[in-house]
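Below is one structure; the comments refer to it alone.
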Amino acid sequence: MITKVTHMCIYVLNQDSAYDFYVNKLGFKVHTDAPMGPDARWLTVTPPEQPELEITLFLVAEGGMFDKETVQTMINLIKKGTFGAAVFTCNNLEATYEELKAKGVVFKKAPTKEFYGYEALFTDDSGNWFSLSQLNS
Amino acid sequence: MGAEQYPKMYLYKRIVDAKLFIDKHYAERIDLSNIADEACFSKFHFIRLFREVYGKTPHNYLTQVRVENAQLLLSKNISVSEVSFLVGFDSSTSFAAIFKKHAGISPSIYQRRQLLKRALHVDKPLTAIPNCFAETFGWKKAISNS
């Protein structure tokens with residue numbers, strides 16, 4: 001049986017900028033930052049309290065299964081804000097919202113009570129959007 | 001943004017400001033009483049609210065930030081004694097003890113492991129990445145041929 005998720009991918013438009021966003025703004029930890037030959041970089045980060053889950057900040061660029069047309073389509077969709085990439089949780093949404101806003105993170109939705117829990121929405125530097133939730137206990 | 005929706009927002013903003021102050025000034029001599037004063041709280045109230053939001057006291061949070069920044073510097077091959085000074089400890093002995101308490105290993109062992117990991121990634125990058133990605137994106141071939 002499958003036991004765990006070890007890796008997930010977030011497609012980004014610039015890995016240096018994504019590094020700054022996920023590490024310096026969101027407070028994630030760098031797990032691996034390794035060159036893959038001269039033109040590619042394998043960059044993974046982990047949520048502060050979930051060191052076993054590597055989130056790959058995957059550059060959308062030509063190569064492998066990505067041809068030129070696919071890359072352009074992906075870039076357009078990401079910039080347009082098509083992709084909801086994950087749900088993050090925190091212990092205190094109001095404080096986390098204030099902190100991330102102070103660090104320049106852009107929110108699409110301020111903290112709001114929903115049936116599911118207390119939720120806000122923000123976007124990363126590429127255009128991917130995320131739910132930031134404080135779950136009902 | 002209605003006041004009823006964010007009853008504690010103003011309160012949290014002051015706690016967040018104090019946290020961001022620690023994030024920025026961790027390497028300096030920080031007097032936590034001063035931070036409480038800046039945030040217009042009594043020291044007791046400040047510690048209680050900080051712990052409510054961040055799950056630890058301001059002092060413990062400051063220590064965590066110092067240790068985490070020490071880990072980054074150690075990974076860059078800066079000496080243990082210099083790192084202890086750069087992250088705000090008075091002596092490398094107390095730094096080593098606190099680091100070990102938080103990280104579970106001594107600063108020098110941590111540094112050795114990180115440098116070995118980095119060297120491995122440079123020397124054998126394919127050990128850092130699940131094979132499916134390396135193969136799908138042609139990196140396995142590119143690295144094998146280089």
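Read-outs: derived from the displayed coordinates by stated rules, not from any lab. Because the structure is a prediction, the values reported are computed rather than measured. Cβ placement follows ideal geometry from the backbone for every residue including glycine, while neighbour counts extend to all protein chains displayed.
Apply the Karplus parameterisation 6.51 cos²θ - 1.76 cosθ + 1.60, with θ equal to phi minus 60°, to every residue of the stretch A:30-37 and state each ³J(HN,Hα) to the nearest whole Hz, in sequence, with x for glycine and proline. Going residue by residue, I get 6, 9, 9, 9, 10, x, 10, x Hz, with x marking Gly and Pro.
Name the GluC sites (Glu not before Pro) in the stretch B:1-106 that are in a loop by DSSP and that have at most 12 other C-beta atoms within 10 Å, would you? Intermediate results must be reported in sequence, preceding the final value.
Details: sites: B:E4, B:E28, B:E38, B:E52, B:E68, B:E82; in loops: B:E4, B:E28.
The qualifying sites are B:E4, B:E28.
Compute the relative contact order of the stretch A:26-75 as a whole-number percentage, counting only Cα pairs closer than 8 Å that sit 6 or more residues apart in sequence. Relative contact order here is 25 percent.
Taking A:D124, A:D33, A:D67 in turn, the Gaussian network model of chain A (Cα-Cα springs below 10 Å) assigns the largest fluctuation to A:D67.
Comparing A:A34, A:A86, A:A110 in a Gaussian network model of chain A where C-alpha atoms under 10 Å apart are linked, the largest mean-square fluctuation is found at A:A34. As an exercise, take the mean of 1/r over every pair of distinct alpha carbons in the stretch A:1-84, invert it, and state the Kirkwood radius in angstroms. Value: 13.8 Å, from the Cα pair sum. Here the alpha carbons of the protein assembly as shown define both size measures, Rg and Dmax, at 21.1, 64 Å.
Scanning chain A for chymotrypsin sites (Phe, Trp or Tyr not before Pro) in DSSP loops with at most 12 neighbouring Cβ atoms within 10 Å leaves A:1-114 as the longest stretch between them.
Computed as a quarter of the hull surface, the mean projected area of the alpha carbon convex hull for the stretch B:80-146 stands at 6.1 nm².
Listed here are the pairs A:K109/B:K19; B:K100/B:K124; A:K29/B:K76; B:K43/B:K101; A:K29/B:K140; A:K108/B:K19; which of them are more than 18 Å apart at the Cα?
On the way: A:K109/B:K19 23 Å; B:K100/B:K124 29 Å; A:K29/B:K76 15 Å; B:K43/B:K101 26 Å; A:K29/B:K140 26 Å; A:K108/B:K19 24 Å.
In this structure, A:K109/B:K19; B:K100/B:K124; B:K43/B:K101; A:K29/B:K140; A:K108/B:K19 exceed 18 Å between Cα atoms.
Sorted fewest first by neighbouring Cβ atoms within 10 angstrom, A:L100, A:L132 come out as A:L100, A:L132. For chain B, relative contact order (Cα pairs under 8 Å, six or more residues apart, normalised by length) works out to 16 percent.
Give the aspartates and glutamates whose C-alpha is closer than 17 Å to that of B:K24, dropping any in the same chain fewer than 8 places away, or say none. By straight Cα distance, B:K24 reaches A:D20, A:E98, A:E99, B:E38, B:E68.
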